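**Student:** This is the structure, below, for whatever I ask next.
The values are calculated or read from the model by the stated rules, or taken from the named source; none is laboratory data. Note that the coordinates shown come from a computational prediction; the quantities given were computed from them, not determined experimentally. Using ideal geometry, Cβ is built from the backbone for each residue, glycine included, and neighbour counts are taken over all protein chains shown. Quick note on the areas: whole protein, heavy atoms, side chains included, nothing else; ligands and nucleic acids left out. Shrake-Rupley method; radii C 1.70, N 1.55, O 1.52, S 1.80 Å.
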Amino acid sequence: VEAAVGHGSKLDVCVLQLLHMSVFSQSFSPCGRYLAAGNNYGEIALFSLSAALSPDATVQSQKPVLTFTAHEGPVFTLISSDCHLLSAGNGEISAWSWTELIKKVTVSLNTQQPGKQHDLIIPEINAMIINPRDNSLVVGGGDNNVHILDLEHGVFKSVLQGHSDYIHCVSVREREADILSGSEDGAVRIWDSRMDQSVHCIEVYKYESCARPQYGKWISCVTTDSDWMLCGGGPSLSLWHLRSLSPTSIFPLTGCQRQAAFHQDMILAVGDGPFVSHCLLGGEVKAQIPCTPQSLNTLQLNTNSTEHRVLTAGGSSDHIEVFTNLSYRAFSLSF
Amino acid sequence: MSPSLFNFIDAKDKFTVRNRKNTEKKTTLDQALRGVLGDQIQKTSCDDYLSLIYLSIDAVTEGICSATTPFVLLGDVLDCLPLDQCDKIFSFVEENVSTWKSNSFYTAGKNYLLRMCNDLLRRLSKSQNTVFCGRIQLFLARLFPLSEKSGLNLQSQFNLDNITVFNKNEQESTLGQKHTEEKEDGMEVEEGEMGEDDSNFTFSSIPIDYNLYRKFWTLQDYFRNPVQCYEKFSWMTFLKYSDETLAVFKSYKLDDMQASKRKLEELRASGGEHVYFAKFLTSEKLMDLQLSDSNFRRHILLQYLILFQYLKGQVKFKSSSCVLNDDQTVWIEETTKLVYQLLREIPPDGDKFATMVEHILNTEDNWNGWKNEGCPSFVKERYSYDKPKRPTRKRQAPEDFLGKGPDRKIFMGNDELTRLWNLNQDNMEACKSDSREFMPSLDEFFAEAIEQADPANMVEDEYKVVRNPNYGWRALRLLSRRSPHFFQPTNQKFKSLADYLDSMVSKLAKELPDIPSEEIKTGEEDDDDNGDNLLKDSNDSPSMQSKMVTNNQMDEIAAKLGAEWKALASHLEMKAAELREIETDSEDVDMQAKLLLVAWQDREGAQATVDSLVNALNAAGFSQIADSLNEA
């Protein structure tokens, strides 16, 4: 959002833009001192965590140090590799160098498009994840397929086909080199990345304990801890044991959960509702920490730095909530 | 106490024998004792000092030493000894509190004791010698009476020196490598502070919420000096910071019951002493840990409650400008509720704790009120026995009660009863009085019916009053009491009460002289005529029929009846009770007979005709008397 200086109409437009802003994605820099956040206007903002967390932080420290337009459409997903920030939204994947970004140079290094280049309809990209085993990028999007991009060479290696509807989220199982994808068709597919084949297909909505037909069958979040998997969306957020492919705990959270994460012996989940839910592995909801945005889309824990080890959550607001202590909201960064 | 090698009695005798004034002798002994103690210090053990002091106490009791000496000696001892030995001496002081409170010692010694205890308290550290400090305080509480003003914070002053220091800017931050000179500058952070100048010890730094940190510890300044809250600007700051802090407490719920229970058990098992911190540890690194600690939260929330109690309460020494406005009062009310709710949520035993706190604060209100009244003594005064006696009221003489007074009224104690009693004392008599005679006479009652029966009036049957069942019933009753026609046997069969009454009415119409009526034609005239004829047969002159029996006639009959009056009585339908009454009333049979006739006349009233008497006489078998009556 351009700095609002001067004209009243411009100010109003800016204010309106802020009002309608949603944050879809976040990623921490490899050094852990910066946070990149992508919104629905196609902008990426860079926040300095060290400034915001310092003892003499001011309101200005909670504003981005850099904002630039990365894509034409919303930035649905952001992911950081060792030195690059990868962003994707309306069908293009752009790569940015972190060091350059920190220097406020916003030139994208590379832009890719999965699938056939000459397609008229460019499907959006909803989720990306880096598979550290073979340094590849797993991409899932609107064309119902999972594409794998080799980061070394910058070319697409393979396409995993199987879903019948667009893909919401992807995750990797590091030990087994499996890829998990959750889709609008209600299935979670487990792919063997070496064989490029779907090994399992879990149709979550078919399990009575999880199913919530009033919300639908779509899977909006998938995350895995090698032996365990969390998935949720239309059906309730549930913890699955991957060896037996059966649900172990169901979390009684109202609304659909859009992102979930394992943290120590707890599960953090965000979705509908202005709070971050803390759940225990057994299935009970331990706490719901209130936040400002009415619903949250993304949740990230900064594991790259201990000094700035914060939890950030963004959603249907121009504010990104920062938690220094998981149990209460400390302050907000804002676009 | 060590066995006395010192022969006290002898010594005392020798002492008092000398020819000097007692006071001078006393001061000599005082000085001697002090001197001995001075020599003994550091050379002998505690027990010896104690025995010397015991000696001085006995001396005071005997009167050979001034009362202040034991206290002076104690003071000297405590001043010269290190703290660990002071403990022992102090135990001695505690044990003898009853001695100190006794009359001979109290006035002389209380100030010395107070000074001594205060000196000790100043020497001791509140966090390291907590128990000893407590013992001293308890001793003082036992020594002085409840309303001793030296123990009170009369003017409700605050300890303004109790400043909580925290890192206000980066220079003082302990995150850097700053060293000891910082500490001396006045960071009064006590033991437990992480060794930031210990370079060997590395620990991962964690992100710190400075915003909350600063706001949180700033609140302590308001708790230190509550009077600030009355100023508008400081109040706004206080409000803002409090709201934020309490919001954090609210969202950060302590519900880890498992962990805290385990911790408690560990503590109990290890037998560790409860640590008491006199001042808060305010390092920012501890903030997270402090927030997750139940006891810490309880401290802060309790501080809020105490502050609110002060702000709301009436304290005599508050200046008149210290008044809360409406907004402030409302905010305080809401926040108090929130604070209690938060207290209840803190495990373990949150509910119990909250109730306890509420109770204690209520008690504090009482103490505050007591102070406002100038600390009145709690000793109840005894009643003095020589209170002047109230003059007793002269009671009314009994005669007045019983109707012998000037009013001749009998007082029943109640106005209504008195009125009723004085109307008529005898209930039975009152019932018999004429005014209670409610039975109407025949002519009164039947006047209307007779008039209706008159064909000239042309009253239709259905409107006749005899058709009214109520009227009919009453008519029957009246007839049974007053009219002989009621008892006359008749062969007529009456279809209804109304018909019967019609016939009765016609009979009565003939009899009752007042009501002018023509001959009423009835279908039952034959019977009536028969009846009349029967009567006529027994009566020579019809005019005699309705004649009343006169007194003379009654006298004559009575004389003739004599003792046989009882036979007539049954025919006159006299009750047995009445007969008995007649018998008791008079011995003379003639009189009795007269009484019988009189009674009969009374009862019959208008029906006491010669006719009926003659019938009765005939029925009884006194036909001669009947005849004579007829002739008369």
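**Student:** Just one of A:Asp192, A:Asp185 is under 20 Å from the mean Cα position of the chain (by Cα) and farther than 24 Å from A:Leu299 by Cβ; which is it?
**Tutor:** Checking each option against the conditions leaves just A:Asp185.
**Student:** Under 9 Å between Cβ atoms, which residue pairs at least 6 apart in sequence (or on different chains) link something in the range B:319-334 that is open to solvent by less than 80 Å² (accessible area, probe 1.4 Å) with a partner that is not in a helix (DSSP H, G or I)?
**Tutor:** Taking only residues 6 or more apart or on different chains, the pairs are B:Cys322/B:Val315; B:Ile332/B:Leu324.
**Student:** When the residues of the range A:233-292 are narrowed to those that are basic (Lys, Arg) and over 21 Å from the mean Cα position of the chain (by Cα), which ends up nearest to the other protein chains (Cβ to nearest Cβ)?
**Tutor:** Per the criteria, the residue is A:Lys286.
**Student:** Somewhere in the range B:426-442, is a residue buried (at least 17 other Cβ atoms within 10 Å of the Cβ) and either touching a helix residue (DSSP H, G or I) at 6+ places or on another chain (Cβ under 9 Å) or assigned to a helix (DSSP H, G or I) (or both)?
**Tutor:** Within the range B:426-442, one or more residues are buried (at least 17 other Cβ atoms within 10 Å of the Cβ) and either touching a helix residue (DSSP H, G or I) at 6+ places or on another chain (Cβ under 9 Å) or assigned to a helix (DSSP H, G or I) (or both).
**Student:** Say we look at the range B:400-425 and pick out the residues that are on the phi > 0 side of the Ramachandran plot and open to solvent by less than 80 Å² (accessible area, probe 1.4 Å); which of these is modelled with the highest pLDDT?
**Tutor:** B:Gly413
**Student:** May I ask you to list the residues in the range B:571-582 that are within 16 Å of B:Val614 (Cβ to Cβ) and either in a helix (DSSP H, G or I) or touching a Pro at 6+ places or on another chain (Cβ under 9 Å) (or both)?
**Tutor:** Correct list: B:His571 only.
**Student:** Still on this structure: List the number of the failed condition for B:Thr174; all other conditions in (1) modelled with pLDDT of 75 or more; (2) within 14 Å of chain A (Cβ to nearest Cβ); (3) open to solvent by less than 30 Å² (accessible area, probe 1.4 Å) hold.
**Tutor:** (1)
**Student:** Something else about it: Filter the helices (runs of 4 or more DSSP H) completely within the range B:178-296 down to those with at least 2 residues that are at pLDDT 85 or above, surrounded by 12 or more Cβ atoms within 10 Å (Cβ to Cβ) and within 14 Å of chain A (Cβ to nearest Cβ).
**Tutor:** It comes to B:210-224, B:232-251, B:287-291.
**Student:** Collect the residues in the range A:296-334 that are more than 9 Å from every other protein chain (Cβ to nearest Cβ), in contact with a Pro (Cβ under 8 Å, 6 or more places away or on another chain) and open to solvent by 20 Å² or more (accessible area, probe 1.4 Å), keeping them in residue-number order.
**Tutor:** Answer for the range A:296-334, where residues must be more than 9 Å from every other protein chain (Cβ to nearest Cβ), in contact with a Pro (Cβ under 8 Å, 6 or more places away or on another chain) and open to solvent by 20 Å² or more (accessible area, probe 1.4 Å): A:Asn304, A:Ser316, A:His319.
**Student:** Out of (1) open to solvent by less than 10 Å² (accessible area, probe 1.4 Å); (2) in contact (Cβ under 8 Å) with a residue 40 or more places away in the chain, what's the single condition that is false for A:Phe251?
**Tutor:** (2)
**Student:** Here is a further query. Going through A:Asp227, A:Asp178 one at a time, which residue ends up being in contact with an Asp or Glu (Cβ under 7 Å, 6 or more places away or on another chain), open to solvent by less than 60 Å² (accessible area, probe 1.4 Å) and of a type outside the set (Val, Ile, Thr)?
**Tutor:** After ruling out the rest, the residue left standing is A:Asp178.
**Student:** Of the conditions (1) more than 22 Å from B:Ser480 (Cβ to Cβ); (2) buried (at least 18 other Cβ atoms within 10 Å of the Cβ), B:Leu596 fails just one. Which one is it?
**Tutor:** Status for B:Leu596: all satisfied but (1).
**Student:** Looking for whichever is open to solvent by 60 Å² or more (accessible area, probe 1.4 Å), more than 30 Å from B:Glu444 (Cα to Cα) and at pLDDT 80 or above here; the options are B:Asp627, B:Asp602. Which one fits?
**Tutor:** Result of the check over B:Asp627, B:Asp602: B:Asp627.
**Student:** Return only the number of the condition from (1) closer than 30 Å to B:Cys65 by Cα; (2) modelled with pLDDT of 80 or more that B:Cys133 does not satisfy.
**Tutor:** Failing condition for B:Cys133: (1).
**Student:** Return yes or no: is A:Lys217 open to solvent by 70 Å² or more (accessible area, probe 1.4 Å), under 24 Å from A:Gly282 (Cα atoms) and touching a helix residue (DSSP H, G or I) at 6+ places or on another chain (Cβ under 8 Å)?
**Tutor:** Yes.
**Student:** Can I ask one more? Looking at the range B:356-384, I want the residues that are open to solvent by 50 Å² or more (accessible area, probe 1.4 Å) and have a partner that is among the polar types (S, T, N, Q) and part of a loop (DSSP other than H, G, I, E, B) with Cβ atoms under 7 Å, at least 6 apart or on another chain. Which pairs are those?
**Tutor:** Close Cβ pairs (under 7 Å, with a partner that is among the polar types (S, T, N, Q) and part of a loop (DSSP other than H, G, I, E, B)) amount to B:Ser377/B:Ser147; B:Phe378/B:Ser147.
**Student:** Mind telling me which of the residues B:Tyr463, B:Tyr471 ends up being hydroxyl-bearing (Ser, Thr, Tyr) and under 21 Å from B:Leu512 (Cβ atoms)?
**Tutor:** B:Tyr471
**Student:** Limited to the range B:587-632, what total is found for residues that are acidic (Asp, Glu) and outside any helix (DSSP H, G or I)?
**Tutor:** So the answer is 2.
**Student:** Here's a follow-up. For the range B:48-166, which helices (runs of 4 or more DSSP H) that fit wholly inside it have 3 or more residues that are more than 28 Å from B:Glu24 (Cβ to Cβ)?
**Tutor:** Helices (runs of 4 or more DSSP H) meeting the threshold: B:83-95, B:97-101, B:103-123, B:130-143.
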